[in-house]
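One structure is given here, and the rest of the page talks about it.
The values are calculated or read from the model by the stated rules, or taken from the named source; none is laboratory data. If you're wondering where the values come from, they're calculated on a predicted model, not measured in any experiment. So basically every Cβ, Gly included, is an ideal-geometry build from the backbone, and we count neighbours across all protein chains shown. Side chains are part of the model used for accessible areas, which takes the heavy atoms of the whole protein and leaves out ligands, DNA and RNA. Shrake-Rupley method; radii C 1.70, N 1.55, O 1.52, S 1.80 Å.
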Amino acid sequence: MNTAPPEAPKVRLKTSAMIASIAAEGQRTTPAPFGHALAALAESRPDIVGLSADLAKYTDLHIFSQRHPERFFQMGMAEQVLMGAAAGLAHEGFVPFATTYAVFATRRAYDFMHQAISEEGLPVKICAALPGLTTGYGPSHQACEDLALMRAMPGMTVIDPCDALEIEQAVPAIAAHAGPVYMRLLRGQVPRVLDEYGYRFEIGKARLLRDGRDVLIVSTGLMTMRALEVASALAADQVDVGVLHVPTLKPFDEATIVEACRREGRLVVVAENHTVIGGLGEAVGAALLRSRVMPAGFVHVGLPDAYLDAGALPTLHDRYGISCAAMGTRIRSELGR
């Protein structure tokens, strides 16, 4: 007779899980931090304008459009026109915030950003939603290579914020920045984690959020949130994990990163919501080589050089190794635990 306990029924994830919030159950969140921050800043900055490629509701720019309708421009589903119009407004003295999905900004309008915005050094702020693997709708919507593309563009500042607090702080910072900026966006109900660490965003600066003797996770974007979760989980196994947050991919805070990686006997893990080609991992690896710093081990947690599957986000994050559980398993394996 079979005495094995019955298997628990599998939870069938609905289509909504393809665009699910990245927040864990019960985690503190802030609604539409980008839209609210930009609308508030525009109260004292009449030069700020907002542009959308028919996606204002889905980039949280609708908050700005409701508060400042005379300074909102709907460009339709025409991303090249969006970038060209933003460049023209910048030439006239405005500070345009151009929003769309990251795939459409980088893959459809790259040349327009390159020639009309970046080469001219114009203060256009390109704010791009659905970065990396934050949607389950397959390669057409997954911007897994956007950081590599934008880091390669001369004169472009590239930012990948971690949470709602950082987005709120980054909006006025990039508005004050003289040149063009590409910033990844987290939208909707965005987790709030960095305020527990007394965090302050500054363009071009990496910040050590917590120290650890065994492992240092160097992370950017939402992977810093995952790194902090992993650090807490591994503490139960007596593994002491530090987390160095790198919100600015360009300009790159090489000095801070190299110094943090110098400690002998410590495993270095680089974590990013981006392909392993051309992003944070390769930037950190090159910086360590230039400085002749050799950590005890080097692990790169990132998305594969492949077209990813469509599906529920929790499933995909596990499949491609960027969930908290997958990261924890990989670090334990590397440490021989």
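Residues in segment 48-82 that are of a type in the set (Lys, Arg) and open to solvent by 50 Å² or more (accessible area, probe 1.4 Å): Lys57, Arg67.
Pick out the one residue from Gly281, Gly285 that is in contact with an Asp or Glu (Cβ under 8 Å, 6 or more places away or on another chain) and of a type in the set (Gly, Ala, Ser).
Numbers: Gly285 fails: in contact with an Asp or Glu (Cβ under 8 Å, 6 or more places away or on another chain).
When all the criteria are applied, what remains is Gly281.
Remark: His245 matches the filter, which requires a residue to be crowded, with 22+ Cβ neighbours inside 10 Å and within 22 Å of Tyr197 (Cα to Cα).
For every residue, the table says whether it meets (1) under 30 Å from Arg332 (Cα atoms); (2) charged (D, E, K, R); (3) open to solvent by less than 20 Å² (accessible area, probe 1.4 Å).
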| position | (1), (2), (3) |
| --- | --- |
| Ala173 | no, no, no |
| His177 | no, no, no |
| Arg187 | no, yes, no |
| Leu216 | yes, no, yes |
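Name the residue that is nearest to Gly179 (Cα to Cα), counting only residues in segment 118-132 that are out of contact with any strand residue (DSSP E or B) (no Cβ under 8 Å at 6 or more places or on another chain) and surrounded by 20 or more Cβ atoms within 10 Å (Cβ to Cβ). Reasoning before the result, please.
Just the residues of segment 118-132 that are out of contact with any strand residue (DSSP E or B) (no Cβ under 8 Å at 6 or more places or on another chain), to begin with: 118-122.
Next, from what is left, pick out any that are surrounded by 20 or more Cβ atoms within 10 Å (Cβ to Cβ): 118, 122.
Details: Ser118: 8, Leu122: 5 Å.
Ranking the candidates gives Leu122 first.
Contact annotation: residue pairs with Cβ atoms under 9 Å, 6 or more positions apart or on different chains, pairing a residue in segment 319-337 that is at positive phi with a partner that is part of a loop (DSSP other than H, G, I, E, B), are Gly321/Pro304. Considering segment 260-286, and only residues there that are without any contact (Cβ under 8 Å) to a residue 40 or more places away in the chain and either under 17 Å from Thr248 (Cα atoms) or touching a helix residue (DSSP H, G or I) at 6+ places or on another chain (Cβ under 8 Å) (or both), the residue that is surrounded by the fewest Cβ atoms within 10 Å (Cβ to Cβ) turns out to be Ala286.
Within the bounds of segment 133-151, is there any residue that is surrounded by fewer than 22 Cβ atoms within 10 Å (Cβ to Cβ), in contact with a Leu (Cβ under 8 Å, 6 or more places away or on another chain) and of a type in the set (Gly, Ala, Ser)? Looking through segment 133-151, at least one residue is surrounded by fewer than 22 Cβ atoms within 10 Å (Cβ to Cβ), in contact with a Leu (Cβ under 8 Å, 6 or more places away or on another chain) and of a type in the set (Gly, Ala, Ser). Summed over segment 321-337, residues that are open to solvent by less than 40 Å² (accessible area, probe 1.4 Å), in a loop (DSSP other than H, G, I, E, B) and either modelled with pLDDT under 95 or out of contact with any Lys or Arg (no Cβ under 9 Å at 6 or more places or on another chain) (or both) total 0. Residues that are more than 29 Å from Ala24 (Cβ to Cβ), touching a helix residue (DSSP H, G or I) at 6+ places or on another chain (Cβ under 9 Å) and in a helix (DSSP H, G or I) within segment 287-320 comprise Ala287, Leu288, Arg290, listed in sequence order.
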